[in-house]
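The values are calculated or read from the model by the stated rules, or taken from the named source; none is laboratory data. Just so it is clear, the structure is predicted and the values come from calculations on it, not from any experiment. Neighbour counts are summed over all protein chains in view; Cβ atoms, including those assigned to glycine, are modelled from backbone coordinates with ideal geometry. Just the protein is used for accessible areas: all its heavy atoms, side chains included, with ligands, DNA and RNA removed. Shrake-Rupley method; radii C 1.70, N 1.55, O 1.52, S 1.80 Å.
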Amino acid sequence: MELQTNRMPHPATLEGAIVHKVVVVRAPDRDQLRGQITGKKTIRTICFPSKKTRRARFGEGAAEIERIEDEEVGCEFVDGIAQPCRVEALMETETGPAWFVHIPDFATLMSSGERILLDAKRNWSDFRSDLGRRQSVLGRLAADALGYRYERIILGSAGSEVRRRNVNEIQACRFVNVPDHLVARASIAMSKGSISLGNLAALLHPINGRSMAFALMVRRIVEIDLESPLGPRSECRSVPPLPLAMPSLRR
């Protein structure tokens, strides 16, 4: 696959490392740079069909998988790409200049318009290893070059156990079909203020109303309180519109 490369001089110091040059490599379509599922992995890998982003998202390890599900459900997340780029940095070492390479785990577009480059590991101690520290330096360099914010996450960064259970239950309903007239009905009901999940479900369908409400959260139409166990009294709110001229992860 032909890759497009942006080269820029970057004389700087970062965490004691002298950086001479940074190269950011992205796929021609600005989507995922590489796939992860090879059949040779010793840890769990998934190909997650995302309703929100309308594409498959790849994850390797529990922390990445948890993040993908959280982004699928959370209304603050608008778009996401796994392995969005490769960063190559020419850095000074004790033996002279050397090239180092890293592929960040995610790029995420937030509803505020902020773009984030993320690395995910199981524990914070993994970031304190020699490899983890080097990846953090390279991730920050890539974020600076792209104009993103850099963030590191671990397993459990998505919040409490209750919240993670709620996210898992809602994302499982992401492909439930909700006809347009029922979407309009839900929007009208929430335009007057918050509504309980039980009442919203009753408005949508006598049997599948709860699953439909969950599907509407993935579509960023309904925001449901995730901090308490899901139930008929869970608060549902209308999702605010996105700002005008939203940036893109693919430009």
- Query: Given the structure, is L141 over 25 Å from M110 (Cα atoms), open to solvent by less than 30 Å² (accessible area, probe 1.4 Å) and part of a helix (DSSP H, G or I)?
  - Reply: no
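Where residues in the range 89-138 are in a strand (DSSP E or B) and free of Cβ contacts under 8 Å to residues at least 24 places away in the same chain, which of them is nearest to the chain's Cα centre (by Cα)?
Keep residues of the range 89-138 that are in a strand (DSSP E or B), which gives 89-93, 96-102, 106-110, 115-121.
Applying the additional criterion that residues be free of Cβ contacts under 8 Å to residues at least 24 places away in the same chain yields 93, 96, 98-99.
Details: T93: 33, G96: 37, A98: 31, W99: 28 Å.
By that ranking, first place goes to W99.
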- Identity of the residue in the range 32-60, assigned to a loop (DSSP other than H, G, I, E, B) and at pLDDT 85 or above, that ends up nearest to V222 (Cα to Cα): K52
- Task: Could you check how many residues of the range 202-230 are open to solvent by 10 Å² or more (accessible area, probe 1.4 Å) and either within 23 Å of the chain's Cα centre (by Cα) or under 23 Å from D70 (Cβ atoms) (or both)?
- Result: 13
- Query: Does A213 meet the test of being closer than 30 Å to E114 by Cβ and at pLDDT 95 or above?
  - Reply: yes
- Task: Kindly indicate whether I103 is open to solvent by 30 Å² or more (accessible area, probe 1.4 Å) and among the β-branched types (V, I, T).
- Result: yes
- So how many residues does the range 101-126 have that are among the acidic types (D, E) and either at pLDDT 95 or above or touching a Ser or Thr at 6+ places or on another chain (Cβ under 9 Å) (or both)? 2
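Quick check on this structure: which one of A172, A189 is among the small types (G, A, S) and open to solvent by less than 70 Å² (accessible area, probe 1.4 Å)?
Details: A172 fails: open to solvent by less than 70 Å² (accessible area, probe 1.4 Å).
On inspection, the qualifying residue turns out to be A189.
How many of the residues making up the range 61-88 are under 30 Å from P241 (Cα atoms) and outside any loop (DSSP other than H, G, I, E, B)? Outline the logic, then answer.
First pass over the range 61-88, keeping only residues under 30 Å from P241 (Cα atoms): 63-85.
Then drop every residue that is not outside any loop (DSSP other than H, G, I, E, B), which leaves 63-73, 77-82.
The qualifying residues number 17.
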